[in-house]
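What follows draws every value from the coordinates through simple rules; no lab data is involved. None of these values were measured; they are calculated from a predicted model. With ideal geometry, Cβ positions are generated from the backbone for all residues, glycine too; neighbour counts draw on all protein chains shown.
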Amino acid sequence: DAGVIQSPRHEVTEMGQEVTLRCKPISGHNSLFWYRQTMMRGLELLIYFNNNVPIDDSGMPEDRFSAKMPNASFSTLKIQPSEPRDSAVYFCASSLASANNEQFFGPGTRLTVL
Amino acid sequence: AQSVTQLDSHVSVSEGTPVLLRCNYSSSYSPSLFWYVQHPNKGLQLLLKYTSAATLVKGINGFEAEFKKSETSFHLTKPSAHMSDAAEYFCVVKDSSYKLIFGSGTRLLVRP
């Protein structure tokens, strides 16, 4: 298996632009997570999907952020409009939905908003 | 609420010497605890996990951790550091069936 796939790996954009980050989870996994990593706040869970349904979006910072999972093999995280403070590394992770199953992380997307 | 505290932001060791990365947790019930490693510009990789079975947990690359309930600790150790161990290490507690709470991380430097 190729593991969790994220694209793009790096994104540089200007303030006010729309940004879309993409994730393909490991085949067969039914849980998907989006995390954000910053120096100031460390790793934070943004949103959690189970069987393509958003279960917990309490970590989504504000209405500029939205996430979708139209099918079991694809998810997007969109920021519109983007702001410089959104600059971070965004990780996608997937797992089998069981209490003790580990989450497998993708390589991340490094977002820079100028 | 669950939480973890990583006691050292940076640890520096010489190659071939032991590694100790310290982690304390706070939990209202028997926790699930993990150590993840992040190499530069890479994603996070699971090193090992504790889920209320054996208190001494062996992981990949020669790492192990011991769950000590009396001390609320889950320190990560390795007998002999290798240059390739240089990375950032995260102690993690599971807050629910899915939510991971990450520590602030410890950056391990390995001197030749």
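Points to keep in mind about this one:
- Shown for A:46, A:114, B:7: other C-beta atoms within 10 Å of each C-beta, ranked fewest to most, produce the order A:114, B:7, A:46.
- Sum of side-chain charges, residue B:8 neighbourhood, beta-carbon under 11 Å (Lys, Arg +1; Asp, Glu -1): +2
- Highest-fluctuation residue, B:24, B:61, B:41 considered, GNM on chain B with Cα pairs under 10 Å: B:41
- Counting other Cβ atoms within 10 Å as a rough exposure proxy, the listed residues B:42, B:58 run B:58, B:42 from fewest neighbours to most.
- For the protein assembly as shown, size of Cβ-based charge dipole, Lys and Arg +1, Asp and Glu -1, in debye: 280
- Rh by Kirkwood over Cα pairs, then Stokes-Einstein D for chain A at 1.567 mPa s and 4 °C, µm²/s: 93
- Taking a Cβ cut-off of under 10 Å around residue B:73, the surrounding Lys, Arg, Asp and Glu residues balance to a net charge of +1, with basic ones at +1 and acidic ones at -1.
- Within the same chain, aspartates and glutamates fewer than 8 places from residue A:78 are excluded, and of the rest, those with a Cα less than 13 Å from its Cα are A:11, A:18, A:62, A:63, A:86.
- Reachable lysines, given that their alpha-carbon falls under 23 Å from the alpha-carbon of residue B:49 and they are not under 8 places away in the same chain: B:58, B:68, B:69, B:78, B:94, B:99
- Highest-fluctuation residue, A:91, A:33, A:65 considered, GNM on chain A with Cα pairs under 10 Å: A:65
- DSSP bridge pairs, chain A: antiparallel proportion in percent, nearest 5: 90
- Build a GNM of chain B with springs between Cα atoms under 10 Å apart, and of B:86, B:54, B:65 the one that fluctuates most is B:54.
- Across peptide A:103-113, the mean count of Cβ atoms from other chains lying within 10 Å of each residue's own Cβ comes to 3.
- In chain A, a dipole from Cβ-located charges (positive for Lys and Arg, negative for Asp and Glu) runs towards its positive end, and of A:26, A:40, A:91 it is A:26 whose Cα lies farthest in that direction.
- Sequence-distant aspartates and glutamates (8 or more away, or on other chains) whose Cα lies within less than 13 Å of residue A:24: A:1
- With 0.36 nm allotted per residue and the present C-alpha distance subtracted, the residue B:58-residue B:95 stretch has 11.1 nm of extension available.
- Column: log10 I(q)/I(0), Debye, Cα scatterers of chain B, q = 0.20 Å⁻¹: -1.02
- Total formal charge among the other residues, if their Cβ is under 15 angstrom from that of residue A:36, Lys/Arg +1 and Asp/Glu -1: -1
- For the stretch B:24-97, the relative contact order comes to 36 percent (Cα pairs under 8 Å, sequence separation of at least 6).
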